[in-house]
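Below is one structure, written out as structure tokens; comments come after it.
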Amino acid sequence: MHQLTLAEIARGLADKKFSSEELTKVLLARIAQLDPQLNSFISLTEDLALTQAKAADARRANGESGPLLGAPIAHKDLFCTQGIRTSCGSKMLDNFKAPYDATVVAKLAAAGAVTLGKTNMDEFAMGSANESSYYGAVKNPWNLEHVPGGSSGGSAAAVAARLLPAATGTDTGGSIRQPAALTNLTGLKPTYGRVSRWGMIAYASSLDQGGPMARTAEDCAILLQGMAGFDPNDSTSIDEPVPDYSASLNGSLQGLRIGVPKEYFSAGLDPRIAELIHNSVKELEKLGAVIKEISLPNMQHAIPAYYVIAPAEASSNLSRFDGVRFGYRCEDPKNLEDLYKRSRGEGFGPEVQRRIMVGAYALSAGYYDAYYLKAQKIRRLIKNDFMAAFNEVDIILGPTTPNPAWKLGAKNSDPVAAYLEDVYTITANLAGLPGLSMPAGFVDGLPVGVQLLAPYFQEGRLLNVAHQYQLNTDWHTRTPTGF
């Protein structure tokens with residue numbers, strides 16, 4: 001059962017081959033057996049899962065149906081879940097039980113999805129390796145000595161190891177797509193505003209976006225269908241009709257114009273990954289796509305712009321964690337200043353502290369114009385580059401990451417080296433565009449992903465291209481040894 005995709009689970013439940021309760025028990029036992037190797041979960045919710053599974057079976061017995069009704073999933077541990085610890089991978093929120101459900105959690109629960117637990121993540125979603133979590137690093141099921149990518153590495157590792165068919169993630173600078181690439185999954189960052197951020201603990205509010213992680217594009221379409229939609233509680237949510245993502249999967253790629261930016265193939269890209277990307281391009285050409293070289297001239301400025309904007313927003317968002325209202329509080333503070341300093345110093349890890357300090361500096365008097373304002377101007381130039389490119393092509397294709405997964409601890413002494421792993425993904429967040437990573441091969445036994453970008457609200461087109469590619473390749477079907 002653990003090898004079934006979401007789509008296969010939906011068919012199995014509809015045909016009464018097994019019940020949601022049976023499936024849930026199998027997966028919970030599998031998590032208990034295998035997750036100690038991976039550390040992909042922070043909290044398991046066995047009682048909730050079995051209650052939801054029984055309710056889903058009862059709804060099916062009463063004639064209800066739906067692709068998510070009775071399907072087991074997990075949530076990245078920054079989606080608030082009522083009555084359950086929502087830690088954000090941080091000591092700061094280790095004792096925090098959310099008093100309400102995030103919109104994404106509520107929507108998926110209403111569709112009948114069964115929540116198995118909350119997955120491990122980089123602290124406050126800050127990181128590219130899932131090594132900054134208060135609960136310890138997550139390990140890549142393809143090689144337990146390597147990182148799974150971050151910050152949604154727990155969701156990625158759990159799905160890749162077949163502990164469950166799909167999970168939610170969030171993407172601020174590539175945190176769905178990068179771990180999906182490093183663990184052989186399909187991961188989708190929707191258009192900014194497509195999925196509600198209400199109840200999703202914020203890192204950088206103008207960049208964060210929730211999305212699905214699964215083994216196939218078909219499964220991502222099913223999960224996104226349940227997540228997407230307007231939410232009046234979220235001022236950044238966009239009131240735009242949600243199309244039937246599954247209905248567009250089987251469209252022909254004949255005549256589809258795919259742009260390949262020349263800037264993607266620079267010295268920083270592993271040549272073996274470049275070869276796999278070119279192989280993917282040839283595969284799509286066989287399906288009728290037309291390939292064109294394009295240029296994104298301001299891409300070189302993306303990393304410095306991102307690492308000013310994101311920390312600036314983080315320093316503002318994380319100011320609420322002060323030891324007074326909720327979250328971690330230091331022991332026996334001498335006065336209010338001591339309470340603030342020690343609660344934040346003890347509650348936040350080194351990576352979060354580093355980004356808060358960078359962000360506070362960039363927003364400080366005398367430096368705002370030199371750093372934050374300039375970064376926002378670069379952001380606009382990057383968006384303009386994409387708009388010009390999409391006048392010529394329908395989809396942009398390139399690598400998701402410049403390298404395969406690196407060894408645990410290999411970049412801990414050099415944060416900038418880890419930041420550079422986001423070079424291909426952060427532009428989509430800066431511009432607010434939808435992006436998808438899909439499996440494209442292996443380097444030294446480690447997975448590699450190819451990234452697709454599309455104009456606003458064209459998630460269906462991304463899923464269509466990925467699905468057609470997956471019908472003609474088998475990379476996404478490979479399973480890590482031992483799982």
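The values are calculated or read from the model by the stated rules, or taken from the named source; none is laboratory data. The structure presented is a predicted model; accordingly, all values stated were derived computationally and were not measured. Quick reminder, even Gly has a Cβ in these numbers, built from the backbone with ideal geometry, and neighbours come from all protein chains shown. Remember, those area values only see protein heavy atoms, side chains included, never the ligands or the DNA or RNA. Shrake-Rupley method; radii C 1.70, N 1.55, O 1.52, S 1.80 Å.
Stretching the chain fully between Glu240 and Leu50 yields a gain of 64.9 nm (0.36 nm per residue, less the alpha carbon separation). Among the protein heavy atoms, those of His75 account for about 0 Å² of accessible surface (1.4 Å probe, every chain in place). Put simply, when 363-370, 24-31 are sorted by average Cβ atoms within 10 angstrom per residue, most first, you get 24-31, 363-370.
Counting only protein heavy atoms and using a 1.4 Å probe, the accessible area of Asp171 comes to about 0 Å².
When the residues Trp198, Trp475 are ordered by accessible surface, computed with a 1.4 Å probe over the protein chains alone, the sequence from largest down reads Trp198, Trp475. Modelled this way, with points 7 Å down the Cα-to-C-beta line, the labels at Ala410 and Ala14 are 4.3 nm from one another.
Averaging over all projection directions, find the projected area of the Cα convex hull of the stretch 141-203 and quote it in nm² with one decimal place. List each step's numbers first, then the result.
On the way: hull surface 18.0 nm².
One quarter of the hull surface, i.e. the mean projection, equals 4.5 nm².
Of the listed residues Arg60, Arg354, Arg215, Arg380, the order by accessible area with a 1.4 Å probe, largest first, is Arg380, Arg354, Arg60, Arg215. If you sort Ile238, Ile395 by accessible surface, 1.4 Å probe, largest first, the order is Ile238, Ile395. Once a ≥ b ≥ c are taken as the square roots of the eigenvalues of the Cα gyration tensor of the stretch 372-483, is the result rounded (a/c under 1.5), prolate (a/b larger than b/c) or oblate (a/b not larger than b/c)? Note, shape of the stretch 372-483 comes out oblate. Here is the size of the stretch 117-245 from its Cα atoms: Rg then Dmax, 14.0, 44 Å. Which entries of Lys377/Lys411; Lys139/Lys377; Lys262/Lys282; Lys91/Lys334; Lys91/Lys118; Lys25/Lys107 show an alpha-carbon separation above 26 angstrom in the structure shown? Long pairs (Cα-Cα over 26 Å): Lys377/Lys411; Lys139/Lys377.
If I take R0 = 45 Å and measure r between the Cβ atoms of Glu346 and Glu275 in this structure, what FRET efficiency does the formula 1/(1 + (r/R0)^6) give, to the nearest 0.05?
Values: r = 48 Å, r/R0 = 1.06.
E between Glu346 and Glu275, to the nearest 0.05, is 0.40.
Expressed as a whole number of Å, what is the distance separating the alpha-carbon centroids of the stretch 150-195 and the stretch 295-316? For the stretch 295-316 versus the stretch 150-195, the Cα centre distance is 21 Å. Per residue of the chain, the DSSP helices (runs of n ≥ 4 H) give a summed -39500 (n - 2.57) that works out to -11000 deg cm²/dmol at 222 nm. Relative intensity of the chain on a log10 scale, I(q)/I(0) at q = 0.05, 0.12 Å⁻¹, equals -0.16, -1.00, per a Debye sum over C-alpha point scatterers of equal strength in the absence of solvent.
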